[in-house]
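Please read the structure below before turning to the comments.
Derivation of every value follows stated rules applied to the coordinates shown; laboratory data play no part. None of the values given here were measured: they were computed from a predicted structure. Positions of Cβ are generated from backbone atoms using ideal geometry, with glycine treated the same way; all protein chains shown enter the neighbour counts.
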Amino acid sequence: MRKKTTPKLRIKNLPRFLTLSAMSLILIVMIIMSLFFLMTKMTELFNTQKQILQTSSAANSAESNAPKAETATVNNNNNPSANTATATNDADPLADIKSRLRSGDTAGIKVVFLTFDDGPSENTDELLDMLNEYDAKGTFFTTLHDNDNAKAMYRRIVDEGHTLANHTSSHDYGLYNNPDAFFADVDELDQYQKTITGQTQTSHVFRFPGGSTNSNEACVQGLVDRGWNYSDWNVSSGDGCADPPSSDVIAQMIIEGCRENDVSVVLSHAELKDSSRAAMPIVIETLQQEGYTFLSMEKDYNYPRHLEV
Ligand SMILES: [Zn+2]
């Protein structure tokens, strides 16, 4: 009779030593290893995805900037008026005022041209400092002065953005009787200014010594025909007086004169007396606060003229 035995729990074909507990342990180890492997792979995958996303984001960012730049370029190219406006505003905030001075549409424009005749003089340095302090521009109708200070002043006027204008070489009223001699006198100063400043082209802004009515039609017409513009004045600083009033009185006179015009041209002389020099900062400060702009002259603006041709 066969003896009934209790069957052992064992898996067929496996070595005898592999008991249930050993199998369980191996299974647990395998599961842990699998989990560890999976986690490692998932971490790698995650990092790879992260890198891809970062790269993609950077690329998108670069692209998003690029199209903007391209769009801006395209817009500028396709919209000349916007382009011009932007460029003009960046380059010269006074472009609109200057344009109106050229066209003659000057109603309410509030522009003042300070002009200083007959220099450069020993006062020019101080005048330039004063103008620069207020960010105001001036126009210097010079004659020919052959000394070191004058040469330095011709250069300073140009270098600092003011207008170096022509008032003949000799300031000789007698030349009006001989137009050719008069034109030669103008040309002599023109050439001298070029030599001193290194400019290839001068302003071609002119004032007749004594004003255009002190000259004659032949000289005025001849000068215009030679490519010059000329300006007289509509406000006088009165600096020619032998016994000038106080700086406050002079300043008030100039200020009231300027308030009467859309475009004022103020006549002063390089040999300004002390009271006239002291009046200038008062004039500039007061009128700037009232919205006036102090500009230097250019050839193609419209100016007050006493003798038209
Ligand atoms: Zn003069």
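The 3J(HN,Hα) values that the Karplus relation (6.51, -1.76, 1.60; θ = phi - 60°) gives for segment 240-250 are, in residue order, x, 4, 5, 10, x, x, 5, 4, 5, 5, 4 Hz. Gly and Pro appear as x. The modelled label-to-label distance between A107 and Q191, using points 7 Å beyond Cα along the C-beta direction, is 4.8 nm. Short-range pairs are left out: with C-alpha atoms under 8 Å and at least six residues apart, the relative contact order of segment 97-205 is 23 percent.
Computed over neighbours whose Cβ is under 13 Å from that of D117, the net charge equals -3, Lys and Arg +1, Asp and Glu -1. Cross-linked pairs K110/K151; K98/K273; K110/K137; K137/K299: Cα-Cα separations exceed 22 Å for K110/K151; K98/K273.
Need the full-extension length gain, A242 to H306, defined as separation in residues times 0.36 nm minus the C-alpha distance. One decimal, nm.
20.6 nm
Residues whose amide H lies under 5 Å from that of V265, counting only those 5 or more places away or on a different chain, are F113, N234, V235; hydrogens are built 1.01 Å from N in the peptide plane. With the simple spin-label model, which puts each label point 7 Å out from Cα in the Cβ direction, the Q221 to E290 separation comes to 4.0 nm.
The label-point distance for N147 and D180, in a model that sets each label 7 Å from Cα toward Cβ, rounds to 3.5 nm. The mean sequence separation of alpha-carbon pairs under 8 Å and at least six residues apart, normalised by the residue count of segment 106-294, gives a relative contact order of 30 percent. Rounded to the nearest 20 debye, the dipole magnitude of segment 106-294 is 380 debye, with +1 charges on Lys and Arg beta carbons, -1 on Asp and Glu beta carbons, and the Cα centre as origin. The calculated FRET efficiency for the pair E271 and E133, based on their C-beta separation and a Förster distance of 25 Å, comes to about 0.75.
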